[in-house]
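Coordinate-derived values only; no laboratory data. From a predicted model like this one, the values you see are computed outputs, not experimental measurements. So basically every Cβ, Gly included, is an ideal-geometry build from the backbone, and we count neighbours across all protein chains shown.
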Amino acid sequence: MSASSSDYSNLIEAVLRDDRKTANMLSSDLMKKVILYLKVRMGAPQSIAEECAYQAFSDVFEVIRNDKITDRKSVFKYLLTASRNEYLRYVKSEKRADVDLLEKQDVIPEPASQLENLIDEERQKKLKICLEKLAPDHKRFIMNFFSVKNINLMEMGEKFGFSYAKTRTLKTRIMKELHHCVQNER
């Protein structure tokens, strides 16, 4: 009896027994199908489809390694769903960024009051402490965003050798890490 083209239970077995050669071969085939799905069904551009698929696979891989998938024959469907959700999160964040940009253009800034200046100074001190806690490569990456007024994610990605999606994702993750650190810094 031959296995279905969407049956990747062998991938799970290969990952669990640490058979990297088989796992790489099967995951390569799986990723091609998932990327194609995102491009055809979701209308994702190639680079975004790849980034979302690999991010979803990274999450699914951890679930596989921890042996948490109960229906091993449905790993393909599981990864499709995770990739689709990753792409939808991406689209939502892009729309939110566009709306935020439009709102910022419509707002006329008010002169800062004395209290606002003190609060801002305190936040700056906390931010400096949190920046020192970052990994050196993350610090160098995010400092480029802080130092350039009108930053282009494509240009920044090229500078660091990353795709647009990876640049956007890494920037978002580091900013969230910094925000969380500043909020918890005493």
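Points to keep in mind about this one:
- Ignoring lysines fewer than eight residues from Lys176 along the same chain, the ones with Cα atoms less than 23 angstrom from its Cα are Lys92, Lys95, Lys104, Lys125, Lys126, Lys128, Lys133, Lys139, Lys149, Lys159, Lys166.
- Cα gyration tensor category, rounded, prolate or oblate, for the stretch 17-68 with a/c compared to 1.5: prolate
- Taking 0.36 nm per residue of sequence separation and removing the Cα-Cα distance, the Glu94/Ser147 pair yields an extension gain of 16.8 nm.
- Highest mean first, the peptides 23-32, 50-59, 163-172, 133-142 sorted by other C-beta atoms within 10 Å per residue fall in the order 50-59, 163-172, 23-32, 133-142.
- A simple spin-label model places the labels of Leu127 and Lys139 1.6 nm from each other, with each point 7 Å out along Cα-to-Cβ.
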